[in-house]
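Data first, discussion second: the structure below is written as structure tokens.
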Amino acid sequence: MDDKHMQIGEVAARTELSLRTIRHYEETGLVAPSARSQGGFRLYTETDVARLMVIRRMKPLGFTLDQMRDLLDATDRLDGDADLAPDEREALLERVRTYRRAAAEQVEKLRVQLARAEDFAETLGARLEQDAPATRR
């Protein structure tokens, strides 16, 4: 499944990230293309797309690039090293749990903000209805 390579344009379309953003994440070390074509084009795999989706989901929750890098490092080590010592595995899992808690807290804050925004939009709608001429009602 992971051996199909995609060029950056396809990855951008699938992740809804701009080419510039994907290149920025490469420059900052968050993601790297799995290969290059003979012509030097970046080539990505499903694993790379999944990594970009993690980054994309973390960004609106306010996570910094360093936090993204830290979480990706923890999950990479959990996924890639079957010989981790039990205490090291537990430490990595605790890092992931910490990010999960932080994400849940941010989601709750966003829910509150969304509820306030919806209330505001409804208030404006009610105001417009109140002042609309009788013929427009």
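Where a number appears in this text, it was derived from the coordinates with a stated rule and is not lab data. Owing to the predicted nature of the structure, the values given are computational and were not obtained by experimental measurement. Here the Cβ is made from the backbone with ideal geometry for all residues, glycine too, and neighbour counts use every protein chain on show.
What the table below lists for this structure:
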{"read-out": "Sorted peptide list for 84-97, 42-55, 65-78, criterion being average Cβ within 10 angstrom, highest first", "value": "42-55, 65-78, 84-97"}
{"read-out": "Per residue convex hull volume, Cα atoms of the chain, in Å³", "value": "172"}
{"read-out": "Whole-angstrom Cα spans of the range 15-66 along principal axes, big to small", "value": "38, 19, 17"}
{"read-out": "Cα Rg, Dmax, the range 39-78, angstrom units", "value": "11.8, 37"}
{"read-out": "Rounded to 10°, Cα long-axis angle of helix 46-58 versus longest principal axis of the chain", "value": "40"}
{"read-out": "Residue (of GLY125, ALA32, MET53) at the positive-pole extreme of the chain, dipole from beta-carbon charges", "value": "GLY125"}
{"read-out": "Alpha-carbon gyration tensor eigenvalues x 5, square-rooted, for the range 62-137, Å", "value": "50, 10, 9"}
{"read-out": "Tilt relative to the chain, helix 86-131 - C-alpha long axis, 0 to 90 degrees, to 10", "value": "20"}
